[in-house]
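Colleague: I have a structure I would like to understand better, so I am pasting it below and will then ask my questions one at a time.
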Amino acid sequence: MGFLYHMMEKAKAQIMEADVAHAQEYIDIIEHRWGAQMGRELHLAAYYLNLRFQYESGIGMDDELLHALRNVIYKMEPDPEVAASCIEETKLFREGSHSFGQRPAVVSKTTMNLCTIQICKTPLHLNYLQI
């Protein structure tokens, strides 16, 4: 999910560079057609949490992405104290602090295949989230 969002952002930037006079017309079409899918908070949160984009693109303080991430956390975690703890941990993630700054974590930012990692012990049932 995060890769698609990133590629759409890159495509819009390239359109702006290629045809400044007409770029906004094309970008409006892209945003209209893709906005319903790619603008969803789960896609934005996935983009934010992708290690490659987090540290290479400097997206850590993007208000739209942070807002989407918080909303996804609130929907996935009903306990407000646990949700608050998750949000506090995103700061460590963004800054590369604590375990996120250890050598294995730093090296894996560009080599990790996120499709093969089990994130938690119990599966998340995303179908009930209605994100």
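All of the numbers you see were taken from the coordinates with simple rules; none came from a lab. The shown structure was predicted, so the numbers you read here are calculated from the model rather than taken from an experiment. A quick note on method: Cβ atoms are made from the backbone with ideal geometry, for glycine too, and the neighbour counts reach across all protein chains shown.
Colleague: Which ordering of His67, His6, His22 is given by a fewest-first count of other beta-carbon atoms within 10 Å? List each step's numbers first, then the result.
Modeller: Values: His67 13, His6 18, His22 10.
With the fewest neighbours first, His67, His6, His22 line up as His22, His67, His6.
Colleague: What's the exposure ranking of Glu9, Glu95, Glu81, going from fewest to most Cβ atoms within 10 Å?
Modeller: Details: Glu9 15, Glu95 11, Glu81 8.
Lowest count first: Glu81, Glu95, Glu9.
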